[in-house]
Amino acid sequence: MDADYAIIGGGVVGLSVAWGLLKRGKRVVVLDGDDGAFRASRGNFGLVWVQSKGMKQPRYAQWSQQSAAAWAGFASELGESTGCDVALEQKGGYDLHFSEETLQATVAQYEMLKAKLGGNYPYDVLGQNSLRKEEPHIGSKVVGAILHHQDGHANPLRLLKALADDVRRLGGRVLNGRIVTAVSKPDGFRVHCDDGTVVGAAKVVLSAGLGAAKLGPKMGFKAPIRPQRGQVLITEKLPKMIYRPSLIARQVDEGGIQIGATNEEVGLDDRVTQPGISGLAAEAIAAYPALARAQLVRSWGALRILSPDGLPIYQQSRDMPGAYLVTCHSGITLAAAHARFLPDWLEGTGAAPDLEVFSEDRFAVS
Amino acid sequence: MKTASPFLELESSPRVRVWFDGAPLDLPEGANLAAALLAAGVGVFRHTPVSGAPRAPFCMMGACFECLVEIDGIVRQACMLEVSEGMRIARPHQAEGSDAAQ
């Protein structure tokens with residue numbers, strides 16, 4: 001037996017879980033893909049986000065809140081041990097609206113969710129004038145915004161780097177360039193890779209992003225996940241002009257303004273398109289007119305990992321007990337929960353979070 | 001403005017008058033603007049709006065966005081431009097922390 005856990009997938013999700021398990025003294029091997037793999041962890045938007053999550057499933061809103069609340073401690077511990085500042089900022093975030101109707105409709109939904117969460121859903125509705133005081137660069141087409149105080153953002157690439165560094169520092173083995181082809185369980189688990197590598201482990205976590213769609217069914221999971229493309233832009237570094245993030249734009253710690261993101265059902269195609277980029281730029285300029293003069297430095301596409309209802313999946317395999325599927329769309333937001341709380345669920349301790357609503361049972365009728 | 005430059009001038013084309021940060025410079029017409037400014041002794045093209053640290057051309061091929069200058073109110077990469085008569089070149093985002101992008 002090489003390890004207590006073999007983690008299939010070395011992105012933010014897999015590394016967060018690995019980090020949490022290593023902190024508890026577990027022996028961990030992480031099997032990471034190669035440069036041809038779709039890597040959501042290297043292309044995402046970097047929000048640590050609560051609002052709008054779990055509108056139909058309050059437990060998801062709560063799980064996001066628990067992670068957001070644990071993020072500061074997680075980031076500082078990671079920063080201290082690696083010297084890598086993941087640039088977490090949690091001063092709230094905006095949902096910007098271009099019409100009074102959509103603003104009011106969203107507020108009505110938030111009120112319903114807030115009641116289900118026992119009142120823990122701290123947000124303010126800002127009209128144009130009060131929003132201008134907070135964000136002097138906001139354009140006149142924006143009629144208002146919802147400022148949710150539990151929202152924030154971080155530098156997702158530095159998070160990935162810090163996790164990868166610290167997992168190794170804590171004694172985890174990270175094997176890069178491995179494509180896992182099969183998982184068998186003669187006694188303990190054996191994870192087989194295309195280069196002949198075989199890793200033995202007492203338990204297995206499948207956190208391979210889109211790779212789980214293929215590997216999951218071989219391990220007894222439904223894994224009904226699909227790719228959804230998001231195109232993203234980033235500008236030259238600019239003087240501070242956006243103070244809080246939104247889904248439309250955020251100013252990253254390094255000064256550039258990241259503009260996002262499209263939602264496209266185009267299969268395993270992570271290219272950028274001219275209409276995609278133009279649409280993003282137009283929306284960002286509508287929100288922040290000064291961006292019309294900013295220079296774009298890069299554009300890229302990445303693939304989200306979505307379940308049918310958009311919620312994470314946390315499932316132990318019935319065919320292969322000891323194998324767990326961990327997959328979600330919001331690996332950055334949930335990184336702290338995955339690092340701090342998921343190990344209790346994997347270990348089956350009394351402190352395990354209740355993740356029942358995230359099981360695959362919800363996909364039974366299809 | 002003219003200081004000793006470690007860069008050699010290779011262009012032999014006729015010189016034209018441009019202005020950098022308000023000061024006149026005579027640069028070879030059609031030369032790469034970033035290269036011509038370096039050869040003319042401009043060491044610091046701008047200061048980054050993030051930390052205020054000085055910046056100059058690095059990659060000379062349009063990738064690094066370090067050689068940014070402002071021409072006619074638009075921030076552009078000097079290494080992607082050619083010298084032309086009458087260019088008015090300013091340092092971008094000069095008003096630190098203000099509405100420089102507007």
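All of the numbers you see were taken from the coordinates with simple rules; none came from a lab. No experiment lies behind these values; they were computed from the predicted model shown. Cβ sites come from the backbone with ideal geometry, for glycine too, and all protein chains shown count toward neighbours.
Translational D (Stokes-Einstein, µm²/s) of segment B:1-95 at 25 °C and 0.890 mPa s when Rh comes from the Kirkwood sum over C-alpha pairs? Mind showing how you got there, number by number?
Details: Rh = 13.2 Å.
This corresponds to a translational diffusion coefficient of 186 µm²/s.
Working out 0.36 nm times the residue gap between A:Ser99 and A:Asp354, then minus their Cα-Cα distance, what length gain in nm do you get to one decimal?
Details: separation 255, 0.36 × 255 = 91.80 nm, distance 3.81 nm.
My answer for the length gained is 88.0 nm.
In which sequence would A:Thr333, B:Thr48 go, from the one with the fewest C-beta neighbours within 10 Å to the one with the most? Numbers along the way, then the final one.
Values: A:Thr333 26, B:Thr48 19.
Ordered from fewest to most neighbouring Cβ atoms within 10 Å, A:Thr333, B:Thr48 come out as B:Thr48, A:Thr333.
Using the count of nearby Cβ atoms within 10 Å as a rough guide to exposure, how do A:Lys203, A:Lys56 rank from fewest to most? Before the final figure, lay out each step's value.
Numbers: A:Lys203 22, A:Lys56 11.
Final ranking by Cβ density, sparse to dense: A:Lys56, A:Lys203.
Treating only the Cβ atoms of Lys and Arg (+1) and Asp and Glu (-1) as charged, compute the dipole magnitude of segment A:13-90 about its Cα centre; round to the nearest 20 debye.
Values: 9 positive and 7 negative charges, 102 e Å.
It comes to approximately 480 debye.
Can you tell me the orientation of helix A:156-169 relative to chain A, as the angle in degrees between its alpha-carbon axis and the longest Cα principal axis, to the nearest 10?
Once rounded, the angle reads 30 degrees.
Give, as ranges by residue number, the residues of segment A:4-24 whose backbone N falls under 18 Å from the point 7 Å along Cα→Cβ of A:Glu347.
Zone members listed by number: A:4-7, A:15-24.
To test your reading of the geometry: what angle, between 0 and 90 degrees and rounded to tens, separates the Cα axis of helix A:12-23 from the longest principal axis of chain A?
Result, in degrees: 60.
Which ordering of A:Arg190, A:Arg226 is given by a fewest-first count of other beta-carbon atoms within 10 Å?
Numbers: A:Arg190 18, A:Arg226 15.
Lowest to highest Cβ neighbour count: A:Arg226, A:Arg190.
How high is the FRET efficiency between A:Glu80 and A:His149 when r is their beta carbon distance and R₀ equals 22 Å, given to the nearest 0.05? Each step should come with its number before you reach the end.
Numbers: r = 26 Å, r/R0 = 1.18.
It comes out at approximately 0.25.
Alpha carbon centre of segment A:335-366 versus segment A:4-43: separation in Å?
Value for the Cα centre distance between the two parts: 17 Å.
If I take every Cα pair under 8 Å that is 6 or more residues apart in chain A, average their sequence separation and divide by the length, what percent do I get for the relative contact order? The partial results should precede the final answer.
Details: 790 pairs, mean separation 89.0, N = 366.
Reported relative contact order: 24 percent.
Using the reciprocal of the averaged 1/r over all distinct C-alpha pairs, how large is the Kirkwood radius of segment A:1-109 in Å? Present the calculation step by step, with values, prior to reporting the outcome.
Numbers: mean 1/r = 0.0592 Å⁻¹.
When all Cα pairs of segment A:1-109 are included, the Kirkwood radius is 16.9 Å.
With axes computed from alpha carbons, what is the tilt in degrees of helix A:100-116 against the longest principal axis of chain A, rounded to the nearest 10 within 0 to 90?
40 degrees
If you take the charge dipole of the protein assembly as shown about its Cα centre, with +1 on Lys and Arg Cβ and -1 on Asp and Glu Cβ, which of A:Ile332, A:Val191, A:Gly11 is farthest toward its positive end?
A:Val191
In whole Å, largest first, what are the principal axis extents of the Cα atoms in segment A:226-306?
37, 22, 19
Once you've got the Cα coordinates, tell me which of A:Lys53/A:Lys114; A:Lys56/A:Lys133; A:Lys23/A:Lys203; A:Lys23/A:Lys214; A:Lys53/A:Lys237 are over 22 Å apart. Provide the component values of the computation, followed by the final result.
Details: A:Lys53/A:Lys114 12 Å; A:Lys56/A:Lys133 33 Å; A:Lys23/A:Lys203 17 Å; A:Lys23/A:Lys214 30 Å; A:Lys53/A:Lys237 30 Å.
In this structure, A:Lys56/A:Lys133; A:Lys23/A:Lys214; A:Lys53/A:Lys237 exceed 22 Å between Cα atoms.
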